[in-house]
Amino acid sequence: MSLNFLPCREWFGGGDESEVQAVSELRRTPLYECHLRYGGKMIDFAGWALPVQFTSIKDEHHAVRKAAGLFDVSDMGEVEISGPQALDLVQRAVTNDASRMRVGRVMYSPMCNPRGGLIDDLLVYRLGDDRFMLVVNAANIGKDYSWLRELSGQFPRATVTNLSDEVAQLALQGPNSEPILAKLTDADLSSLKYYWCQDGVEVAGVRCLVSRTGYTGEDGFELYCAPQEAPRLWEAILEAGREYGAVPAGLGCRDTLRFEAGMVLYGNELTEETTPLEAGLGRYVKFNKGDFVGRQALLKQKEEGVRRRLVGFRMIDRGIPRHGYPIVVGGAEVGVVTSGTYAPTLDANLGLGYVPVELSAPGTEICVLVRGRQLKAQVVEIPFYRREEGKR
């Protein structure tokens with residue numbers, strides 16, 4: 001899921017100090033003081049004071065790939081949908097099929113407007129027969145809540161509640177995540193499958209909803225708890241993870257990790273002007289489940305064929321593609337870079353962007369206009385990075 005973190009930037013080799021802003025007027029998560037104690041460099045992220053890094057983005061990135069990193073994602077939104085018509089409302093709102101979900105299942109889904117454009121992409125948790133929790137992008141909480149409330153008018157026996165201020169969320173990501181958490185709970189984490197959750201789990205004495213999900217391309221867990229308990233949980237996880245190489249991790253590496261794993265980002269790859277079919281999310285659009293918002297527009301696009309497609313590309317010439325840079329072929333602008341950065345795991349300059357379908361095949365040569373210079377690149381398959389076979 002794209003959790004609306006920073007767009008990819010050239011953070012490596014030193015950043016612009018003007019990016020690290022005064023944060024006295026920004027909203028603070030329950031972990032704000034923890035971040036300061038650990039040396040977090042705080043920035044303004046969608047009105048929240050959050051750490052972009054603690055040591056260096058590159059070091060934190062490699063720590064997550066090789067060991068574990070602990071992230072504060074308490075800025076994310078949580079919206080509960082409950083009642084006898086809860087499933088009906090969820091089915092109407094999202095493009096994926098929630099009717100297939102058993103209690104404890106987690107599902108990724110786009111949520112579209114009537115034109116098929118993406119209002120958001122989110123996670124759906126089924127916590128009971130008539131109870132769901134939607135985890136939405138931080139910058140979209142107000143918009144999503146209003147939209148769901150509007151749709152709920154068609155389902156009078158469904159209740160929509162914004163729980164965002166009542167929930168803190170931590171994400172422990174990396175190959176050592178399971179043994180770290182296993183030190184802190186009696187729950188059998190090895191039996192918790194990918195994209196499943198368990199409620200009421202005691203972790204370091206803190207009652208949590210624990211899910212095996214993430215936004216880094218590695219194995220990992222999301223932990224939801226009461227805000228006042230979050231600092232205690234944060235400290236306990238880092239202490240338990242010390243022998244396993246766990247580190248606190250910031251927004252910067254969260255973005256480079258998701259980017260390498262080909263995970264799309266709302267506000268970059270996804271907007272209300274892009275559709276799931278264009279963004280390569282067609283497998284999450286279930287036309288046969290019945291009606292949902294945007295179905296007719298998306299069905300028409302599927303029948304006619306998309307005109308543009310999200311692709312990955314590797315730079316041939318020296319240079320880093322950045323969000324908003326034009327993609328050029330034959331001297332004509334044909335698309336735009338949505339995300340681009342240096343990828344630490346792969347030691348390469350990579351990008352994502354939209355191009356016409358006829359230019360989307362791997363091996364196609366394109367150019368990126370960087371400061372007035374056309375730099376050569378080649379379309380490649382995404383994701384750029386996959387963890388090794390056999391790893392969870």
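The values are calculated or read from the model by the stated rules, or taken from the named source; none is laboratory data. Values in this document were obtained by computation on a predicted structure and should not be read as measured data. All Cβ positions, glycine included, derive from the backbone under ideal geometry; neighbour counts span all protein chains shown. Surface areas here come from the heavy atoms of the whole protein model, side chains and all, with no ligands, DNA or RNA. Shrake-Rupley method; radii C 1.70, N 1.55, O 1.52, S 1.80 Å.
Here are a few things to note about the model shown:
- Restricting attention to segment 114-133, the residues being open to solvent by 10 Å² or more (accessible area, probe 1.4 Å) and not hydrophobic (A, V, I, L, M, F, W, C) number 7.
- Test: Glu235 is of a type outside the set (A, V, I, L, M) and farther than 19 Å from Gly77 by Cβ: yes
- Residue list for segment 146-164, restricted to those being assigned to a loop (DSSP other than H, G, I, E, B), under 15 Å from Phe132 (Cα atoms) and open to solvent by 70 Å² or more (accessible area, probe 1.4 Å): Arg157
- Only one of the numbered conditions (1) of a type outside the set (Val, Ile, Thr); (2) open to solvent by less than 40 Å² (accessible area, probe 1.4 Å); (3) assigned to a strand (DSSP E or B) is violated by Gln91, and that is (3).
- When Asp97 is tested against the conditions (1) farther than 17 Å from Tyr224 by Cα; (2) more than 21 Å from the chain's Cα centre (by Cα), the lone failure is (2).
- Matching residues in segment 125-140 - criterion: being farther than 20 Å from Glu272 by Cα and part of a strand (DSSP E or B): Tyr125, Arg126, Leu127, Gly128, Arg131, Phe132, Met133
- Residue match in segment 272-290 (condition: of a type in the set (S, T, N, Q), part of a loop (DSSP other than H, G, I, E, B) and more than 22 Å from Ala98 (Cα to Cα)): yes
- Restricting attention to segment 253-263, the residues that are among the hydrophobic types (A, V, I, L, M, F, W, C) and open to solvent by 20 Å² or more (accessible area, probe 1.4 Å) total 1.
- Selection of segment 346-371 for residues being touching a Phe, Trp or Tyr at 6+ places or on another chain (Cβ under 9 Å), assigned to a strand (DSSP E or B) and open to solvent by 30 Å² or more (accessible area, probe 1.4 Å) yields Asn349, Leu369.
- Just one residue in the set Val285, Val247, Val306 is more than 19 Å from Arg92 (Cα to Cα) and open to solvent by less than 40 Å² (accessible area, probe 1.4 Å); that residue is Val306.
- Residues being small (Gly, Ala, Ser) and open to solvent by less than 30 Å² (accessible area, probe 1.4 Å) - total across segment 264-281: 1
- Count of residues meeting criterion [closer than 27 Å to Lys66 by Cα and open to solvent by less than 10 Å² (accessible area, probe 1.4 Å)] in segment 312-343: 7
- Among residues of segment 339-353 that are more than 22 Å from Ala63 (Cβ to Cβ) and free of Cβ contacts under 8 Å to residues at least 40 places away in the same chain, none has a Cβ under 7 angstrom from a residue that is of a type in the set (Asp, Glu) and open to solvent by 10 Å² or more (accessible area, probe 1.4 Å) at a sequence gap of 6+ or on a separate chain.
- Subset of segment 94-113 (residues that are part of a strand (DSSP E or B) and crowded, with 23+ Cβ neighbours inside 10 Å): Val94, Ser109, Pro110, Met111, Cys112
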